[in-house]
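Read-outs throughout are calculated quantities, based only on the coordinates presented, and are distinct from any laboratory measurement. Worth saying up front: this structure is predicted, and the values here are computed from it rather than measured. Because the Cβ atoms are built from the backbone with ideal geometry, glycine has one as well, and the counts that use them run over all protein chains shown.
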Amino acid sequence: MISDVHHTCITVSNLERSIAFYRDALGLELVTVEQSEVSGDDRSDTLGVSEAQVELAIFRVGNAQLELIQYVRPTGRSHERRNNDIGAMHVAFQVDDVHTTYQSLLDKGVTFTGPPATIPKGPLAGWIWTYLVDPDGVVLELIQPT
């Protein structure tokens, strides 16, 4: 049975640009960068993408990992999803101070969907959060628990 979450993977259009964003802007720890070959590699069958050639980067985020993957061949297509569209998802990063992190990232040119907000009631009452987007428009969240 499932016992834990090992990693989250985000498909990106430009691995170098995304590494710079996640490492330099967000401050995540880059663990490794890998390239795959297509010949003799069973990844294509498992990925469901024929003749897939990928490059990937893995970051450590607390006890979890974040994987960024770029399909070098065949290249994928970008698509836009609103937060309320079926299948839309995001990664939430816990921070000590959302307002300070928000301002620091704004100063680095990071795009947010809006300023931090406080959850008014319910089990997460008092938590402060905001959404930002990576270079490919992938939604990420900053969350500050009380």
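Couple of notes before you dig in:
- Restricting segment 13-76 to trypsin sites (Lys or Arg not before Pro) in coil, as DSSP defines it, with at most 10 other Cβ within 10 Å: none
- Crossing angle, helix 98-107 versus the chain [Cα axis fit, 0-90 degrees, rounded to tens]: 60
- Using a Gaussian network model of the chain in which every pair of alpha carbons under 10 angstrom is joined by a spring, one finds that among Leu15, Leu132, Leu124 the greatest mean-square fluctuation is at Leu124.
- Rg over Rh for the chain works out to 1.00, both radii taken from alpha-carbon positions and Rh defined as the Kirkwood radius.
- ³J(HN,Hα) computed for each position of segment 141-146 - Karplus, 6.51 cos²θ - 1.76 cosθ + 1.60, integer Hz, glycine/proline x: 10, 10, 9, 10, x, 7
- Relative intensity, log₁₀ I(q)/I(0), of segment 64-146 from a Debye sum that treats every alpha carbon as a point, q = 0.18, 0.22 Å⁻¹: -0.88, -1.17
- Charge dipole (Cα centre; +1 on Lys/Arg Cβ, -1 on Asp/Glu Cβ; no other charges) of segment 7-73 amounts to roughly 280 debye.
- By the helix-only formula, in which each DSSP H run with n ≥ 4 contributes -39500 (n - 2.57) and the sum is divided by residues, the chain has a 222 nm mean residue ellipticity of -3500 deg cm²/dmol.
- Placing R0 at 22 angstrom, the Cβ-Cβ distance between His99 and Thr146 gives a FRET efficiency of 0.95 after rounding to 0.05.
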